[in-house]
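Read the structure below first, then the notes.
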Amino acid sequence: MKTQRFLLAVAASLSLSIWADTTTPAAGSPVTITLEAQHPGAAVPAEFSGLSFETSLLLPNENGVHYFRPDNQPLITLFHTLGIRSLRIGGNTGDRDWKRSPGNADIDSLFAFAGAAQVKVIYCLRLHNGNPQEDAATAKYIMDRYAAQVTGFSIGQEPSAYPVAAVDDRPATERMGAAHEKYQYSAYATDWKRFAEAIIAAVPDVKFCGPGVHNNADWARKFMADFGHDHHVAIITEHLYAGGAGGKVPSPEIGRDRMLGDDFVRAYQKLYDGFVPLAVSNGLPYRLEEVNNYFNGGATNVSNTFASALWGLDYLWWWAEHGAAGLNFHTGDRVAAGSVLRPSKYTAFYSTTNGFDVRPLGYGLAAFALGSHGRLIPVTTDNPDRLNLSAYAVIGDDQSVWLTIINKEHGPAVRDATISLGQNGPGFASGQIISLTAPNNDVAATTGETLGEVGIQNDGRWEGKWAPVGGSAVDVPPGSAVIVRMPK
C-alpha cells in the first residue's frame, strides 16, 4: 500500500496548508491544500440540503395512516439529524405516471409535517394529461393556507421524457436519456404557459420553478429565454443522476469507481456550464430539485454502499461551491423506475417497524450538516500525484473554521492520508474532529457505517461525539471522511 503523510499548519491569517511528509520513501510528490479564511465567500444556504419524494407517498396507506404527518416523530427527528430543510414532492407519480390526486386532507398532513420538521416545500403539479384548473385549485388551496412554507411549484416532471406516441411503448426502464427522450420543448412550453397562466389567475402571488428536466441544459436555457423574466418564475431547476441508468452499470466495482471518480464530476461540470452562467446573468437562483447517483431506483451493490456516503457528501459540497441554492436527493422505500414503483437502492433511509434504517447516503447528508454552517472559504489544491481527495471549508459567524476532508481512495492501490495539525496556528490546539467511516474502510459495505463512532438510531437520534484532535496527527484512511472544527 502506498502511504502518504500530510502535515497541516495554520498561519496567523488562517490560511491553511497541507503538504506531504517526504520522510517516507514511498511518499511521492507533495499535496498542498490552501484555505483562505480571510476571504470568505457566500454562505451555504440554510435550505441547501433537501430530499425528494414521490407524490404517491402523500396518500394514506392501507391503514389510513399518512407518511408525512405531524406526529411522525422519528421522521421529524431524522430530518433534523440529516440537516434536511427542503422537501420536494414530485417524481414520476407527480406527473406522467400519476396514481391518484392527493386530497386536501393529504396536503394538510404534508404541511403539518413540514411545519414540525421546519422544512419548506417544492410541490410538483401535474402537466402530462393534466388539467390547468385542477392545478390552479391545488395551488390556491396550498397558498391560501401554507404560503410561508412554500419554495415554489413546478409544473410537470422531466417533460423531455414525455411519450410522443398515444401509447408509450418504450420499456419501463428506458424512458430517460437522450436516446429515449423525443418530446419537443416547443410543445412543453405551449402547455406550460397555458397552465401557468391559469394558476396565476387563481393565485397572483404564486412562485414557479422549472423546467425540471433531467440533465438537459438546453431546455433550461430555452425556459429562461421564454419565462425567466415573467410568469412568476423564481428559481431554475434541473435534475441529475450523473451515472445514468442503474441497470446499465457493467459491474458494482465499475459503478462505485465512477461514483467516486472523475466521470461523475465531468457530468456535474457539463450541466453547470450548460445553464448556470445564463441563470446567474439573469439573476435567477438554481436548484437541483431531484438528484441521486443512478436513476431507475439505483444500481445494485453500488447505490446502497458506503461509496454513496462519500459521493453524497462530496456532491453536496461540489454544488455548494458552485453556487446552487440546494439539492434534493430522491428517496423513499419505493421510487418510480420508469412507469412502476420499485424498492429504492439509492434511498437515504428505509422505513422499519419502529422508525427508520438509515442507509449510507443518509450518513453523507448528516456529515454535510455538521460541517457546512458558514461562509465558504476558497480552497486551492496542488495534487501532483492525483490523490483522490477533496477538501472543503467554511467559516462560521463565530469565526470558527470547519474543514471537511474526503479520502475517496479505494480498491487495491489505495493511499492513506495522515494529516498532522501544526501547533503554531490559532484554534488547532483546541480543535475537535469527527469521522465518517465504514467497517474496514470498505466502500462496498452496505451496513455498519458510523459517524462519530456511532450509528444513527431508528428513532432518528444521533449521539456521536466529537473527539479532541489529540496531538499533531489526524488519520483520514482511504474510503473515509473527517470534519475538523477549529475555534477562533
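Any idea what angle helix 132-146 forms with the longest principal axis of the chain, computed on alpha-carbon atoms, 0 to 90 degrees, nearest 10?
50
Please list, in chain and number order, the residues 5+ apart from SER154 or on another chain whose amide H is under 5 Å from its amide H, with Hs placed from the backbone.
TYR123, CYS124, LEU125, CYS209
Using the per-residue mean of other Cβ atoms lying within 10 Å as a proxy for protection, in what order, highest first, do the peptides 260-267, 54-61 fall? Numbers along the way, then the final one.
Numbers: 260-267: 15.9, 54-61: 19.6.
Going by the mean number of other Cβ atoms within 10 Å, highest first, we get 54-61, 260-267.
Each label point is 7 Å from the Cα along the Cα-to-Cβ direction; what then is the distance between the points at ASP262 and VAL454, in nm?
About 4.2 nm separates the two model spin labels.
Mind ordering 382-395, 353-366 by average Cβ neighbours within 10 Å, highest first? Can you show the working numbers first?
On the way: 382-395: 19.2, 353-366: 22.7.
Highest to lowest by the protection proxy: 353-366, 382-395.
Along segment 148-163, what does the Karplus equation 6.51 cos²θ - 1.76 cosθ + 1.60 (θ = phi - 60°) give for ³J(HN,Hα), rounded to whole Hz, x for Gly and Pro?
Going residue by residue, I get 5, 9, 10, 7, x, 10, 9, 10, x, 10, 6, x, 4, 9, 4, x Hz, with x marking Gly and Pro.
Subtracting the Cα-Cα distance from 0.36 nm times the residue separation, let me have the gained length for LYS488 to GLU174 in nm, one decimal.
Details: separation 314, 0.36 × 314 = 113.04 nm, distance 5.28 nm.
Between LYS488 and GLU174, full extension yields an extra 107.8 nm.
Hey, rough spin-label estimate for VAL167 and SER339, points 7 angstrom out along Cα→Cβ, what's it come to in nanometres?
Label at VAL167, label at SER339, 1.0 nm between them.
Cβ under 14 Å from ASP135's Cβ, ASP135 left aside: what net charge do those residues give with Lys, Arg +1 and Asp, Glu -1? Intermediate results must be reported in sequence, preceding the final value.
On the way: positive: ARG126, LYS140, LYS193, ARG194; negative: ASP95, GLU134, ASP191, GLU197.
Counting the neighbours of ASP135, the net charge comes to 0.
Where does helix 104-117 land angle-wise versus the long Cα axis of the chain, in degrees 0 to 90, nearest 10?
20
Under a 5 Å amide H to amide H cut-off, with H placed in plane at 1.01 Å, what residues pair with ASN216 once short-range neighbours are removed?
Counting only residues 5 or more places away or on other chains, the set is HIS239.
Would you kindly derive the ³J(HN,Hα) couplings of segment 365-371 from the backbone phi angles with the Karplus curve 6.51 cos²θ - 1.76 cosθ + 1.60 (θ = phi - 60°), listing them in order in whole Hz, with x for Gly and Pro?
Computed from phi, the couplings for segment 365-371 are 5, 5, 5, 4, 4, 5, x Hz.
How would you rank 481-488, 461-468, 183-190, highest first, on the average number of other Cβ atoms within 10 Å across their residues? Don't skip to the answer; put the middle values down first.
Working: 481-488: 21.4, 461-468: 13.5, 183-190: 15.2.
Top of the packing list down: 481-488, 183-190, 461-468.
Restricting to DSSP H runs of at least four residues, report the calculated mean residue ellipticity at 222 nm for the chain, -39500 (n - 2.57) per run over all residues, nearest 500 deg cm²/dmol. Could the numbers behind the result be given before it?
Working: 9 runs with 124 residues, N = 488.
Helix-only estimate at 222 nm: -8000 deg cm²/dmol.
Treating the angle as unsigned and between 0 and 90°, give the value, to the nearest 10°, between the Cα long axis of helix 73-82 and the longest Cα principal axis of the chain.
Once rounded, one gets 50 degrees.
Across segment 308-324, in residue order, what do the Karplus-derived ³J(HN,Hα) couplings come to in whole Hz, using 6.51 cos²θ - 1.76 cosθ + 1.60 with θ = phi - 60° and x for Gly and Pro?
3J(HN,Hα) across segment 308-324, in whole Hz: 5, 5, 5, 4, x, 4, 5, 4, 4, 5, 4, 6, 4, 5, 9, x, 5.
Contact order normalised by length for the chain, with contacts defined as Cα pairs under 8 Å and 6 or more residues apart; what percent is it?
On the way: 1159 pairs, mean separation 93.2, N = 488.
Relative contact order here is 19 percent.
Between rounded, prolate and oblate, where does segment 49-371 land on the alpha carbon gyration tensor, with a ≥ b ≥ c its root eigenvalues, rounded for a/c under 1.5, else prolate if a/b exceeds b/c?
Values: a/c = 1.35, a/b = 1.10, b/c = 1.22.
Rounded, because the longest to shortest axis ratio a/c is under 1.5.
For THR190 and THR352, what does the FRET efficiency come to when R0 = 51 Å and r is the distance between their Cβ atoms, rounded to the nearest 0.05?
Working: r = 46 Å, r/R0 = 0.90.
The calculated FRET efficiency here is 0.65.
Determine the sum of side-chain charges near SER303: Lys and Arg each +1, Asp and Glu each -1, restricted to other residues whose C-beta is under 11 angstrom from that of SER303.
Taking every other residue near SER303 into account, the sum is +3.
What full-extension length gain, to one decimal in nm, is calculated for THR447 and ARG145 as 0.36 nm per residue of separation minus the Cα-Cα distance?
Numbers: separation 302, 0.36 × 302 = 108.72 nm, distance 4.18 nm.
Once the chain is fully extended between THR447 and ARG145, it gains 104.5 nm.
For the pairs LYS140/LYS345; LYS270/LYS345; LYS182/LYS248; LYS222/LYS270; LYS345/LYS408, flag any whose C-alpha to C-alpha distance is greater than 24 Å.
On the way: LYS140/LYS345 36 Å; LYS270/LYS345 26 Å; LYS182/LYS248 20 Å; LYS222/LYS270 17 Å; LYS345/LYS408 21 Å.
The answer is LYS140/LYS345; LYS270/LYS345.
Would you grab the residues whose amide H sits under 5 Å from the one on ARG334? Only those 5+ places off in sequence or on another chain, please, with H modelled 1.01 Å from N.
Distant-sequence amide H within range of ARG334: SER344.
Determine the percent antiparallel among the DSSP beta bridges restricted to the chain, to the nearest 5. Intermediate values should be presented prior to the final figure.
Values: 50 of 92 bridges.
For the chain, the DSSP antiparallel bridge percentage is about 55.
Add +1 for every Lys or Arg and -1 for every Asp or Glu among the other residues with Cβ under 15 Å from the Cβ of GLU181, and state the total.
Details: positive: ARG96, ARG170, ARG175, LYS182, LYS222; negative: ASP95, GLU158, ASP168, ASP169, GLU174, ASP218, GLU238.
Here the charged neighbours net out to -2.
Taking 7 Å along the Cα-to-C-beta vector as the label spot, tell me the ALA467-GLN399 distance in nanometres, rounded to one decimal.
Using points 7 Å along Cα→Cβ, the separation is 3.0 nm.
Given 0.36 nm per residue, what is the gain on full extension from ARG100 to LYS270 after removing their alpha carbon distance, in nm? Mind showing how you got there, number by number?
Working: separation 170, 0.36 × 170 = 61.20 nm, distance 3.63 nm.
Working it through step by step, the gained length comes to 57.6 nm.
Only the coordinates and a few stated rules stand behind these numbers; no lab work does. Note that the structure is a prediction, hence the values are computed from the model and not measured. FYI the Cβ positions are ideal-geometry reconstructions off the backbone, even for glycines, and counts take in every protein chain you see.
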